[in-house]
1. Working only within region 263-278, note down all residues that are in contact (Cβ under 8 Å) with a residue 40 or more places away in the chain and under 18 Å from Thr161 (Cα atoms).
2. From the list Glu52, Glu88, Glu66, which one is surrounded by 14 or more Cβ atoms within 10 Å (Cβ to Cβ) and not hydrophobic (A, V, I, L, M, F, W, C)?
3. For region 123-138, which residues satisfy the criterion of being closer than 20 Å to Ala85 by Cβ and either at pLDDT below 95 or outside any helix (DSSP H, G or I) (or both)?
4. Can you pull out every residue in region 155-179 that is within 12 Å of Val231 (Cα to Cα) and either aliphatic (A, V, I, L, M) or within 12 Å of the ligand (Cβ to nearest atom) (or both)?
5. Just one of Ser194, Ser207, Ser211 is of a type in the set (S, T, N, Q), within 16 Å of the ligand (Cβ to nearest atom) and open to solvent by less than 10 Å² (accessible area, probe 1.4 Å); which is it?
6. Could you list, in sequence order, the residues of region 322-368 that are without any contact (Cβ under 8 Å) to a residue 40 or more places away in the chain, within 26 Å of Glu260 (Cα to Cα) and either open to solvent by 30 Å² or more (accessible area, probe 1.4 Å) or in the same structural domain as Phe214 (by TED's automatic domain parsing) (or both)?
7. State whether one or more residues within region 414-422 are of a type outside the set (A, V, I, L, M, F, W, C) and more than 23 Å from Thr232 (Cβ to Cβ).
8. Pairs please, first residue from region 93-106 and not assigned by TED's automatic domain parsing to the domain that holds Pro71 and at pLDDT 95 or above, second anywhere and away from the ligand (no atom under 12 Å from the Cβ) and assigned to a helix (DSSP H, G or I), Cβ atoms under 7 Å, 6+ apart in sequence or on different chains.
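The values are calculated or read from the model by the stated rules, or taken from the named source; none is laboratory data. Just so it is clear, the model here is predicted, and its values are computed rather than measured. A quick note on method: Cβ atoms are made from the backbone with ideal geometry, for glycine too, and the neighbour counts reach across all protein chains shown. All accessible areas refer to the heavy atoms of the entire protein, side chains included, with ligands and DNA or RNA removed. Shrake-Rupley method; radii C 1.70, N 1.55, O 1.52, S 1.80 Å.
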Amino acid sequence: MKKVGVAILGLGVVGGGVYEILTKKREFLIATQGVDISVESVLEVREDRIRELGVPAGKVAANIAEAVCNPDVSAIVECIGGVDAAREYVLDALHAGKTVITGNKELIAKYWSELERTAKTHNAGLYFEASCVGGVPIIRTLNDGVQANEISCIMGIINGTTNFILSEMTEKGVSYEDALAHAKSLGFAESDPSADVEGYDAAYKLSILSSLAFHTKVPLAKVFREGIATVTAEDILDGKALGYRLKLLAIGKREGNTVEVRVHPAFVKENHPLAAVDGSFNAVYLRGDAVGEMMLYGRGAGSLPTASAIVSDIVFAATHGEHRYATFKNTASPDRDIKFTADFSGAYYLRLTVSDEQGVLAKLAAILGKYGISIAELRQTSAGGGASKLFLVTHGTHETAIRSAVSKLHATDFAKVESVLRVC
Ligand code: HSE
């Protein structure tokens with residue numbers, strides 16, 4: 001029977017979940033996976049947490065060196081979060097030839113190449129299924145489920161906090177501030193929610209997922225990012241009236257050697273599978289040339305869902321003869337053959353206030369037409385005081401065309417563009 005001794009660094013929400021699964025399900029994993037996984041060491045300073053989880057005193061390491069150097073430990077589970085200390089600890093473990101399992105998306109997005117190089121040098125494993133979409137096995141799917149495919153698109157709702165906020169705004173018509181306060185009160189949003197609401201968390205995940213999907217390094221710096229903090233309930237409800245749902249989407253596309261990677265709020269048609277992903281749930285949609293379309297759906301965060309992904313990595317590492325590394329040259333910079341584009345194509349939603357007078361729609365259409373933009377849907381309501389509100393959705397166009405048209409409209413005396421949102 002293969003035996004694996006584990007050290008868990010940090011017994012917070014995720015580390016505690018890993019401890020719980022590994023201790024409660026030890027016999028189950030022996031019976032089903034043929035591997036005996038024991039927690040040999042934990043690194044945690046909060047004594048109440050150690051007591052709460054029932055960790056025996058002899059298993060609590062005094063410091064990182066004690067946890068890493070423990071001869072009974074072959075796998076280190078990093079759950080301390082943050083980047084600087086985590087990077088140092090992970091490098092220490094890899095240098096000692098210990099396999100590292102982490103859910104730290106920021107660490108992987110920023111230091112993957114350095115960590116992988118160190119892992120390879122010391123014949124250690126580096127696994128991070130829990131870094132992307134929590135309990136949903138998207139990395140295993142990309143690495144081990146769709147090898148036959150060239151993936152042309154990976155698109156998802158990969159941040160639960162923002163999906164909860166946008167769902168609240170859509171269902172209850174509440175403001176962004178009220179929805180954020182509710183998310184905080186339920187523990188979905190952190191007291192400083194910027195990593196989630198400004199799209200950083202989703203950008204880390206997209207950098208990792210698109211690198212795996214497209215077999216080429218997609219550095220974090222190449223991911224276009226816009227958050228949800230400026231989204232208004234008015235836009236969400238107007239979009240809803242036109243049959244759309246607003247989501248924070250992470251989108252990666254590859255066509256030939258051209259790659260686009262972006263995180264931003266976007267409307268999706270109400271019958272699109274991603275439109276039905278509500279609350280704190282996540283989903284990832286993929287398109288491969290052999291498999292066609294597929295979608296994975298589930299919990300992207302939380303103690304046991306994230307711990308489930310970590311345990312799957314421990315089992316994977318224990319039951320495979322050779323470690324798995326990236327399928328591409330994992331340097332910090334992208335491959336020279338790859339071109340990243342920020343001139344995205346797609347439809348756009350515009351909300352405008354215009355003068356309610358004869359000829360205004362013709363002038364608006366003329367400006368849009370000058371940039372090759374055609375209107376697909378239009379709704380008009382009175383704004384009072386001789387003004388109208390216009391909500392329009394364009395046919396497919398380009399980011400550069402929309403930006404030029406919007407700046408031209410801003411310079412007129414008859415139209416004010418109140419908001420611009422992408423439609424996917
Ligand atoms: N904060 C993330 C989310 C979970 O809201 O989805 C961890 O990445």
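1. If the condition is that a residue be in contact (Cβ under 8 Å) with a residue 40 or more places away in the chain and under 18 Å from Thr161 (Cα atoms), then Val263, His264, Pro265, Ala266, Phe267, Leu274, Val277, Asp278 are the ones that fit.
2. Glu66
3. Within region 123-138, Ala124, Leu126, Tyr127, Phe128 meet the criteria.
4. Hits for region 155-179 are Thr162, Ile165, Leu166, Met169, Val174, Ala179.
5. Ser207
6. Arg336
7. no
8. none
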